[in-house]
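To start, the structure itself, in structure tokens.
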Amino acid sequence: MIKLSSKIGIFMLLSTMAFAGGTVEIGFESETRDSNDSTTFEKQKQNNFILPYVKTKTFFGENSPYFIEANYSYKHDYEKIKAKRTERDRYEVFIGGYKLVSDRFVFAPKVGVRHEEFNNIGKASETHFKFYPGMSFKINPKNAVSLVGYFEYSESKMKGKDGYTYDKENGDYIHELSLDYMHKTYDKQAIIASLFNKYEENTDVNTVNVWELRFKMNHTTESGRLTVSPYVRLPIHGENKIESGVKKGTKTDINKARVGVASSYKVTESLTTLGEVWYQTQTMNKLPSLDTYFLKLALRYAY
């Protein structure tokens, strides 16, 4: 049996072998949930986690635009709940760099695979095949339309142990897409109107269809080696509809507002520190509000 540390080393080594130039990033992400309702708080704190990761991006040649990304992360739950299938090792490989430019239209796709191995139930794994379309159309120097997000097909193989029974082999479909209209108010400031859709077809549970109309403002400030990018995302309208399963036909109004800031500091020509924090508040009909706090800290080395 190959130890986990050995698997990580082999995984990252294969991703960089025979390639020229790229980046290595080491860091972590964390999410914590809170609510002024005690029942909601007890339920949602089960989803609090920290996710340390290692990420590489390497190019096929010195002047080649084509690259391969290889990522490893481990999702650790703060709350230990036996039936929760969330703690996992995650391995990702993506290939991209192709770009089709036709006048003002750009098509820059990325494809890849994410494989996850769960650790708190018997033999369990999920494999996700993902495609990012990466399309945009430049209307003029200040206005553009883009399609952001991905299409995904996943397969699961799970078997429980210690009294927990779960045996599943199936294929599920999901997409998360955002049609964005961006207007640059200044060189490093923009306002974005987005139509977001998440469609999730789970063959064992429900089919969920989420629509959200969003408004976002972001601004980037540079001072020497430091770059700071604050942003605000406001909801205009959102709806969550269950289209199949026991709760078929159920509709829920959903609104998510988020404020955050991302930053980077160039320590040397090769080493950069990265950070991001955001706060999100969510309301759904007359249910208690849910608050989420996000933190990311990382180091990136370019070679």
Net +/- balance of residues flanking residue 24 in space, Cβ distance below 13 Å, scoring K and R +1, D and E -1
+1
Which cross-chain or sequence-distant (5 or more) residues have an amide H under 5 Å from the amide H of residue 79, H modelled 1.01 Å from N in plane?
48
Among 198/256; 142/198; 57/130, the pairs whose Cα-Cα distance exceeds 25 Å are 142/198
Between residue 117 and residue 34, what FRET efficiency follows from the Cβ-Cβ distance if R0 is 30 Å, with the result rounded to 0.05?
0.50
Residue 104 paired with residue 297, simple spin-label distance in nm, labels 7 Å along Cα-to-beta-carbon:
4.5 nm
Residue 150: accessible area at probe 1.4 Å, nearest 10 Å²?
40 Å²
Residues of type aspartates and glutamates that residue 216 reaches as a straight line, Cα spacing below 17 Å, ignoring anything fewer than 8 places off in the same chain
180, 187, 276
Filter 184/241; 110/138; 188/266 down to the pairs with a C-alpha to C-alpha distance above 22 Å, please.
184/241
Residue-ordered couplings for region 181-196, obtained by feeding phi - 60° into the Karplus form 6.51 cos²θ - 1.76 cosθ + 1.60 and rounding to whole Hz (Gly and Pro as x), are 10, 10, 10, 7, 7, 9, 4, 10, 9, 8, 10, 10, 9, 10, 10, 9
I want the local charge near residue 198. Using Cβ-Cβ distances under 10 Å, sum +1 for each Lys or Arg and -1 for each Asp or Glu among the other residues.
-3
Positive minus negative residues near residue 178 (Lys, Arg vs Asp, Glu; Cβ under 12 Å)
+1
By accessible area of protein heavy atoms, probe 1.4 Å, what ranking do 26, 139 get, highest first?
26, 139
Hits among aspartates and glutamates - C-alpha to C-alpha of residue 75 under 15 Å, sequence gap 8 or more where chains match
29, 31, 87, 89, 92, 116, 117, 126
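The values are calculated or read from the model by the stated rules, or taken from the named source; none is laboratory data. Because the structure is predicted, anything quoted here is derived from the model rather than measured. For neighbour counting, all protein chains shown are included, and Cβ atoms are generated from backbone atoms with ideal geometry for every residue, glycine included. Note: areas computed on protein heavy atoms with side chains; ligands, DNA, RNA excluded. Shrake-Rupley method; radii C 1.70, N 1.55, O 1.52, S 1.80 Å.
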